[in-house]
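Notes follow the structure.
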Amino acid sequence: MAAGLINHSDVLLHLNEEIKSISYQEKFYELNSTMGNSYLCEVTVVATPLEEVNIHFMPLVSVPDRKLQHTHVTFVRGLLNPVCFGLQAVTDIPELVGTIEDPNLPFSSISILKRYNEKDITYKLFSRKPMTDALLDNIFSMRKDTIRIDWGAYPFYRAPEVFAPFILDGQHLYYVNAFENAASTMETSAVAAENVARLILSRYFSEASLSSSNLRTSTEEVLHVDL
Ligand SMILES: Cc1cc2nc3c(=O)[nH]c(=O)nc-3n(C[C@H](O)[C@H](O)[C@H](O)COP(=O)(O)OP(=O)(O)OC[C@H]3O[C@@H](n4cnc5c(N)ncnc54)[C@H](O)[C@@H]3O)c2cc1C
């Protein structure tokens, strides 16, 4: 779907290019990447949680402190050990094994991602801590391949939530991930992204038409257009 939307739009996509700084200079944001490229943008949207990235903003932007809950994801191609689950045969193990939240339990869930045949399966494990080889050797009777990912999954929620602003600088620097204090899923992030796109359409283009027709008389009027 993402590829379809991008092909349908008249956009230039720079994949695998990390932005290291965003500085505002008279109507333009200058974005500098670690590849040494520089881009001048009238509008800039930050669409990644700011807690764990190292983007330098000039002037500085301020967002409330927020910690991300990390989920360790381990993909294993191999076969589970039924003895570890108190069972006789691997076929007795359910497709999804979930646990209660207990620091003594080494994983939160194990599920089947792909079954090649009865003895060759790819599993997905979620855990609060990294899964060590010793632990995996206990849970699996055979392991062909193991991939570990440490994911900053969602904010560590603490009510009442304090939200970062969606407009970071009062101009045209937007922040989609402010929404994640309400909910952090692909669907809600897509809604937040659409809201930011609508905000840009409303603010940027009304500002352009107001200034071109000399109608911009007061900040109240601009605020009214925002709303
Ligand atoms: C283990 C796990 C399981 C999940 N399961 C589900 C689920 O079942 N259902 C669901 O709805 N949601 C799920 N989520 C949540 C979902 O993945 C996120 O809510 C969603 O991906 C957030 O989208 P995003 O576009 O805001 O951020 P991301 O998907 O994190 O995208 C941010 C992008 O920004 C890029 N980036 C970061 N820094 C820079 C930089 N300096 N310059 C340029 N690019 C940069 C990153 O490389 C990344 O591509 C899960 C999350 C995790 C971690």
Residue-ordered couplings for the stretch 99-112, obtained by feeding phi - 60° into the Karplus form 6.51 cos²θ - 1.76 cosθ + 1.60 and rounding to whole Hz (Gly and Pro as x), are 10, 7, 6, 8, x, 7, 8, x, 9, 8, 7, 9, 9, 8
Gyration tensor on Cα atoms of the chain, a ≥ b ≥ c root eigenvalues, a/c under 1.5 rounded, else prolate if a/b beats b/c, else oblate, says prolate
Counting sequence-distant residues (5 or more places) and residues on other chains, those with an amide H built under 5 Å from that of Ile121 are Gly78, Tyr116
Taking the chain, the lysine pairs whose C-alpha atoms sit under 22 Å apart (8 or more places apart or on different chains) add up to 7
The answer for Ser141, listing residues at least 5 apart or on another chain whose modeled amide H is closer than 5 Å to its amide H, is Leu79, Leu80, Asn81
Expected max-MSF residue from Met35, Met131, Met58 in the GNM of the chain (alpha carbon, under 10 Å) is Met35
Most packed first (mean Cβ within 10 Å per residue), the peptides 1-12, 76-87 order as 76-87, 1-12
Magnitude of the Cβ-charge dipole (Lys and Arg +1, Asp and Glu -1) of the chain about the Cα centre, nearest 20 debye, reported as 620 debye
Once normalised by the length of the chain, the mean sequence separation of its alpha carbon contacts under 8 Å that are 6 or more apart gives a contact order in percent of 18 percent
Summed over the other residues with a beta carbon less than 14 angstrom from that of Ala89, with K and R at +1 and D and E at -1, the charge totals -1
The answer for the net charge of residues other than Arg66 whose Cβ lies under 13 angstrom from its Cβ, with Lys and Arg +1 and Asp and Glu -1, is -3
Length gained if Ile55 through Gln171 is fully extended, taking 0.36 nm per residue and subtracting the Cα-Cα distance, is 39.9 nm
The local net charge around Met186, scoring Lys/Arg +1 and Asp/Glu -1 for residues other than Met186 whose Cβ lies under 14 Å from its Cβ, equals -3
Against the 2.2 N^0.38 Å rule of thumb, the C-alpha Rg of the stretch 162-204 sits at a ratio of 1.11
Contour minus Cα-Cα span, Asp150 to Val11, at 0.36 nm per residue, comes to 46.9 nm
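Each reported figure results from applying straightforward, stated rules to the coordinates on display, with no laboratory input. This structure is a prediction, so every number in the text was calculated from the model and none was measured. FYI the Cβ positions are ideal-geometry reconstructions off the backbone, even for glycines, and counts take in every protein chain you see.
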